[in-house]
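Have a look at the structure below before the remarks.
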Amino acid sequence: MTFQLNPFLKKSIQSVADVGQMLFRKGWAEKNAGNLSWDVTDTVKVKTNQLKTSAFHKNSHLPKEMAGRCFLVTGTGTRYRDIEKDPAGCLCILRPSEKGNGYHLLWGGQRPGFGPTSELSSHLRMQSSLLKRGGKLKVVLHTHPNELIVLTHLPETNNQEALNWALWGMIPEAKLFVPKGVGLVPYRLTGSDELAGATVEVLEKGYKVVLWEKHGALAVGADPDEAFDLLDAMNKSATMYLLCKQTGRNPQGLTREQVEEIARTYPEKS
Ligand SMILES: [Zn+2]
């Protein structure tokens, strides 16, 4: 018995494809940059005989607590922009085994040499931290938003406090949509355990947006659109900041009192 996509999964795959298109059009997804994971455990029922007929791949680096859960993830080397035309070649649904020695490929991966994102182990560590936060946040989205990255190259905004006040000061929505601000992770080697570990630490403090110095950003949300919106709002602020700087002058920005008034008037719901 082969694995069949239910209507929720079909819709989920379409929304990953839609967000992939937006990321590419924004210029945040050059070549195969970026990756995404979505915890779809709640909607996937896997029968024992389906596991027997699905391919098993060894991987001893997956966090043990994610065993038996199901994830929709992007493939390694695949492009965000290609998901729309070839979802089954660019994405897969996988289930880490109970024994902790690998995962079953339930759906997708229909491309020669396909593998899930090379960041699978990091994604599952982040997914594990989201589960500890109550399980409402199911998507981890990584991409390269230009203007946010630029701010980590400027000494004046390359520290978390200055960065967040600069971002909150540019448009009221920045404080409204991302009240806790951006968690800044100092530069670590791409794909390293150190980068994953530092990111998990920031997520465990309750941040929904993480900025990797001189690399890119990561956002978490209930679905890909929610994660995208957070990055979109913060990158808009970063763009406003840089547009002001391009005039040769420093932005005036909202005052701290004005930003705090927004926080007081519209407290975070979740
Ligand atoms: Zn990246």
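The values are calculated or read from the model by the stated rules, or taken from the named source; none is laboratory data. All figures in this text were calculated on a predicted structure; none of them were measured in a lab. Glycine also receives a Cβ, built like all others from the backbone with ideal geometry; neighbour counts cover every protein chain displayed.
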Candidates GLU204, GLU261, GLU257, filtered to the one that is among the acidic types (Asp, Glu), within 28 Å of ASN35 (Cβ to Cβ) and more than 16 Å from the ligand (Cβ to nearest atom): GLU204
Residues in the stretch 96-152 that are surrounded by fewer than 20 Cβ atoms within 10 Å (Cβ to Cβ) and within 14 Å of the ligand (Cβ to nearest atom): how many? 4
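Tell me, which helices (runs of 4 or more DSSP H) lie completely within the stretch 1-103 with 2 or more residues that are at pLDDT below 95 and not aliphatic (A, V, I, L, M)?
The qualifying helices (runs of 4 or more DSSP H) are 48-53.
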Inspect all residues belonging to the stretch 190-202 and state whether any of them is buried (at least 23 other Cβ atoms within 10 Å of the Cβ) and touching a residue at least 40 places away in the same chain (Cβ under 8 Å). yes
Name every residue in the stretch 123-139 that is at pLDDT 95 or above and either polar (S, T, N, Q) or part of a loop (DSSP other than H, G, I, E, B) (or both), in order of residue number. GLN127, SER128, SER129, LYS136, LEU137, LYS138
At least 1 residues that are within 30 Å of SER118 (Cα to Cα) in each: list the helices (runs of 4 or more DSSP H) lying fully within the stretch 183-270 that qualify. 193-204, 224-246
With the requirement that a residue be within 13 Å of the ligand (Cβ to nearest atom) and out of contact with any strand residue (DSSP E or B) (no Cβ under 9 Å at 6 or more places or on another chain), what does the stretch 184-201 give you? LEU189, GLY191, SER192, ALA196
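Quick check on this structure: which one of LYS85, LYS45, LYS52, LYS31 is without any contact (Cβ under 8 Å) to a residue 12 or more places away in the chain, within 30 Å of PRO145 (Cα to Cα) and surrounded by fewer than 16 Cβ atoms within 10 Å (Cβ to Cβ)?
On inspection, the qualifying residue turns out to be LYS85.
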Cβ-Cβ below 6 Å, separation at least six or inter-chain, first residue in the stretch 140-157 and under 19 Å from GLU30 (Cα atoms), second of a type in the set (S, T, N, Q) and within 11 Å of the ligand (Cβ to nearest atom): which pairs? HIS142/ASN35
